[in-house]
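The values are calculated or read from the model by the stated rules, or taken from the named source; none is laboratory data. Since this is a predicted model, take the numbers as computed values, not measurements. Because the Cβ atoms are built from the backbone with ideal geometry, glycine has one as well, and the counts that use them run over all protein chains shown.
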Amino acid sequence: MALYSVWDWNRNAWGVYRTNRPASVGDDPLPHRPSGASSIGADPDIHVKALPSGAKFVGYDHTCRGEVRRKTGFLGIGGDDAGQASGIVGHGWLMFAAGIVVASAYVWWRKT
């Protein structure tokens, strides 16, 4: 079980999430430095990896637990560990099909 922490600016606390994936035991290679990092560090809302898909909210804590991550953006844009966009907008074919359905419904509505 792996734990992840996401800073919640509204509550001034860490939101803790859990997945059933195995936790790292320290054998991972050294992480690369984010490209946008300045001399004082990286912006955690932009340069940190997103929460993995399927992470379940556990609660809030005053200390960070597990790995620091960020929430995905609007409608799930932001991806997960695989670096692929997730959520509704992340799947282009699904958005294309939804557009066709909306356009068809509009044309049908205008004819009646």
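From LYS56, LYS71, which residue is within 13 Å of the chain's Cα centre (by Cα), at pLDDT 65 or above and surrounded by 11 or more Cβ atoms within 10 Å (Cβ to Cβ)?
Values: LYS56 fails: surrounded by 11 or more Cβ atoms within 10 Å (Cβ to Cβ).
Exactly one of LYS56, LYS71 is within 13 Å of the chain's Cα centre (by Cα), at pLDDT 65 or above and surrounded by 11 or more Cβ atoms within 10 Å (Cβ to Cβ), namely LYS71.
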Looking only at residues that are among the small types (Gly, Ala, Ser) and within 15 Å of ARG70 (Cβ to Cβ) in region 14-53, which one is modelled with the lowest pLDDT? GLY36
Out of the residues in region 78-110 that are among the charged types (D, E, K, R) and at pLDDT below 90, state the one that is nearest to SER53 (Cα to Cα). ASP80
